[in-house]
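*Asks:* This structure is in structure tokens; I'll ask about it shortly.
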């Protein structure tokens with residue numbers, strides 16, 4: 001038995017050829033572009049066969065008679081028992097010109113070649129897309145009844161099948177596979193398509209929410225999904241049967257599922273929150289087209305839609321087919337497969353394999369360099385307050401990753417020590433003495449970096465001061481608020497606004513502002529510090545909105561308590577679980593790599609939610625902690641004589657410290 005196959009290098013085609021070669025004495029001639037000749041050896045290895053049984057035929061789908069040489073046509077004439085045409089574009093996102101050239105003209109050229117070589121039987125692998133958006137049940141003997149063929153994907157699938165039905169002079173059979181996914185036994189798939197487009201959304205839900213939390217899903221039309229191994233096995237069985245001329249077979253799942261059910265099945269496979277409540281997408285159909293068109297005419301609406309689609313990797317047309325209205329009858333297929341042992345497996349039984357393979361091999365995140373080196377390598381990174389604590393730890397990470405790392409601080413001796421430490425580790429810091437609390441010095445420092453380094457690519461606003469003192473102890477210390485605001489807010493803004501024009505000119509730049517968990521929890525005794533950081537947070541939110549279309553991004557880190565020199569005077573913190581500077585530096589690195597709007601701990605977010613939902617309860621809770629822990633007035637005033645004194649804490653206070661990791665008391 002001799003075969004000719006187009007699309008033999010494709011996902012279905014490779015597996016069909018392998019299945020055909022299992023037949024005794026089978027020889028497969030397969031179409032391949034001449035520039036892809038180097039792939040032949042790998043294909044034969046995949047098929048586990050020899051050159052005598054897998055014979056390449058060089059040509060091009062878009063050329064007349066597939067561009068096959070006259071000598072090859074002469075050799076093939078009268079030798080081919082079965083001609084399989086699988087080469088096509090199976091992609092909603094492909095442009096119309098490509099789909100017409102491949103799906104329509106390519107089929108026409110294939111039919112001409114099949115006639116030229118006097119093939120015994122022509123097997124055209126079409127698609128259920130040939131039915132368009134038919135309302136109701138589409139039978140295997142239906143074709144002209146197709147509706148809603150405006151989209152090029154549907155139109156070209158329908159037209160290519162029409163060419164076979166009207167122009168093919170060789171006995172023909174049509175097969176319409178449903179939406180093809182990976183292998184039901186291995187999960188193997190070659191691209192993201194169909195239901196895979198929603199895997200990123202499911203993954204995000206899993207990352208954000210616990211698996212037991214019920215979520216709202218989208219209920220829509222029915223979608224039909226089949227694994228590639230079923231399609232190949234069904235093709236192999238049916239195409240070798242008698243009495244199949246001028247018939248069509250729907251290679252579909254006899255069950256079929258609604259969109260919401262499919263999303264729920266894959267959510268379960270991914271251990272993501274189940275979609276227990278569904279909103280019927282058909283309700284969107286009641287919105288007049290004029291209203292939809294008017295909304296899409298608004299630039300903000302278009303930008304939000306495009307950003308969401310891009311973030312989730314969804315093609316623009318995908319949402320058009322959420323309310324897919326067609327169901328497919330497959331009684332001819334079931335009859336042809338009866339007794340063969342070939343059946344379509346239940347999606348619920350193999351969905352986990354599809355998910356596992358996608359997450360290990362196809363997840364777009366796997367192909368993006370998410371390393372710090374890939375993000376900041378060769379870029380200029382400025383870390384203010386980089387001579388000690390969090391800033392120094394972050395600077396080491398950036399320098400080690402290959403960034404041009406600039407640090408600044410007021411103490412030249414500390415800067416020199418930091419540079420010596422970096423050299424000992426095999427890299428360099430560039431250090432400048434600067435007082436961020438001095439506006440004139442900020443301007444001088446910014447201009448210096450612009451002149452010497454052309455500005456910065458990443459700005460880490462880390463320099464800051466903290467004062468722990470109750471308001472009732474600050475009536476005569478208003479300067480505490482002034483100096484805290486001067487550094488934490490005004491100094492930070494002065495530096496940031498100095499570099500923003502350069503970032504805008506380059507249309508790229510990222511600013512990381514080190515804020516505090518206290519902004520979320522409204523920590524008592526830190527009114528001066530929290531107010532200055534809250535002002536910075538508010539400014540950052542405004543700036544993020546203004547620069548969103550200019551390539552400039554901002555991240556606010558609501559940092560929990562970190563073991564740094566800033567908290568050293570407060571001896572109560574000796575008993576409090578804190579982050580190390582290295583752990584805090586990891587948060588800064590993540591901010592640069594992923595560029596989220598905000599990074600906050602769960603404790604901080606919980607505090608923010610409490611203040612939003614039950615503010616009185618939150619106030620009572622924070623007041624209890626305020627009264628539970630004593631002031632460290634002497635340390636705050638710089639009384640070194642009391643430096644060694646150890647505050648006496650109650651058992652309740654110690655227990656609360658251990659429970660509330662990282663919160664400012």
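*Asks:* Condition check: at pLDDT 85 or above, in contact with a strand residue (DSSP E or B) (Cβ under 9 Å, 6 or more places away or on another chain) and either within 26 Å of residue 497 (Cα to Cα) or in the same structural domain as residue 473 (by TED's automatic domain parsing) (or both). Does residue 555 satisfy that?
*Replies:* Working: at pLDDT 85 or above: yes; in contact with a strand residue (DSSP E or B) (Cβ under 9 Å, 6 or more places away or on another chain): yes; either within 26 Å of residue 497 (Cα to Cα) or in the same structural domain as residue 473 (by TED's automatic domain parsing) (or both): yes.
So residue 555 passes the test.
*Asks:* For segment 450-474, name all the residues that are under 18 Å from residue 485 (Cβ atoms) and part of a helix (DSSP H, G or I).
*Replies:* 471
*Asks:* Within segment 142-160, identify whether any single residue is surrounded by fewer than 23 Cβ atoms within 10 Å (Cβ to Cβ), in contact with a helix residue (DSSP H, G or I) (Cβ under 8 Å, 6 or more places away or on another chain) and under 15 Å from residue 246 (Cα atoms), and answer yes or no.
*Replies:* Looking through segment 142-160, at least one residue is surrounded by fewer than 23 Cβ atoms within 10 Å (Cβ to Cβ), in contact with a helix residue (DSSP H, G or I) (Cβ under 8 Å, 6 or more places away or on another chain) and under 15 Å from residue 246 (Cα atoms).
*Asks:* Could you check segment 347-449 for helices (runs of 4 or more DSSP H) lying wholly inside it with 1 or more residues that are in contact (Cβ under 8 Å) with a residue 60 or more places away in the chain and under 38 Å from the mean Cα position of the chain (by Cα)? Break it down into steps so the answer makes sense when it comes.
*Replies:* Values: elements: 347-357, 372-376, 389-400, 412-424.
So the answer is 347-357, 372-376, 389-400.
*Asks:* Let me ask something additional. Exactly one of these conditions fails for residue 89: (1) assigned to a loop (DSSP other than H, G, I, E, B); (2) in contact with a strand residue (DSSP E or B) (Cβ under 9 Å, 6 or more places away or on another chain). Give me its number.
*Replies:* (2) is the only condition that residue 89 fails.
*Asks:* Please find, within segment 1-13, the residue that is surrounded by the fewest Cβ atoms within 10 Å (Cβ to Cβ) out of those that are under 36 Å from the mean Cα position of the chain (by Cα) and in a loop (DSSP other than H, G, I, E, B).
*Replies:* 10
*Asks:* Related question: Examine segment 538-548 for a residue that is in the same structural domain as residue 376 (by TED's automatic domain parsing) and either more than 30 Å from the chain's Cα centre (by Cα) or not in a helix (DSSP H, G or I) (or both), and state whether such a residue exists. Steps first, answer last, please.
*Replies:* Step one: of segment 538-548, the residues in the same structural domain as residue 376 (by TED's automatic domain parsing) are 538-548.
When the remaining residues are screened for being either more than 30 Å from the chain's Cα centre (by Cα) or not in a helix (DSSP H, G or I) (or both), the result is 547-548.
Yes, there is a match, as at least one residue in segment 538-548 is in the same structural domain as residue 376 (by TED's automatic domain parsing) and either more than 30 Å from the chain's Cα centre (by Cα) or not in a helix (DSSP H, G or I) (or both).
*Asks:* Right, next: Identify, please: which residue in segment 14-66 is surrounded by fewer than 16 Cβ atoms within 10 Å (Cβ to Cβ) and under 34 Å from the mean Cα position of the chain (by Cα) and is, among those, nearest to residue 177 (Cα to Cα)?
*Replies:* Applying the filter and picking the extreme gives 46.
*Asks:* State the number of residues belonging to segment 223-246 that are buried (at least 17 other Cβ atoms within 10 Å of the Cβ) and outside any helix (DSSP H, G or I).
*Replies:* 6
*Asks:* Could you tell me which residue of segment 112-150 is nearest to the chain's Cα centre (by Cα), considering only residues that are on the phi > 0 side of the Ramachandran plot and not in a loop (DSSP other than H, G, I, E, B)?
*Replies:* Of everything passing the filter in segment 112-150, 132 is nearest to the chain's Cα centre (by Cα).
*Asks:* Test of understanding: among 503, 485, which residue is over 30 Å from the mean Cα position of the chain (by Cα) and part of a helix (DSSP H, G or I)? Don't jump to the end; show me each part of the working.
*Replies:* Numbers: 503 fails: over 30 Å from the mean Cα position of the chain (by Cα).
Only one candidate qualifies: 485.
*Asks:* Also: Would it be correct to say that residue 343 is more than 19 Å from residue 594 (Cα to Cα) and not in a helix (DSSP H, G or I)? Spell out how you get there, then give the answer.
*Replies:* Values: more than 19 Å from residue 594 (Cα to Cα): yes; not in a helix (DSSP H, G or I): yes.
When the stated conditions are applied, residue 343 passes them.
*Asks:* In segment 14-34, how many residues are closer than 11 Å to residue 47 by Cα and in a helix (DSSP H, G or I)?
*Replies:* 8
*Asks:* Here's a follow-up. Give the residue that is surrounded by the fewest Cβ atoms within 10 Å (Cβ to Cβ), with candidates limited to residues of segment 450-475 that are over 19 Å from residue 532 (Cα atoms) and free of Cβ contacts under 8 Å to residues at least 24 places away in the same chain.
*Replies:* 451
The values are calculated or read from the model by the stated rules, or taken from the named source; none is laboratory data. Fair warning: this is a prediction, and the values are worked out from it, not measured in the lab. Glycine gets a Cβ as well: all are built from the backbone with ideal geometry, and neighbour counts include every protein chain shown.
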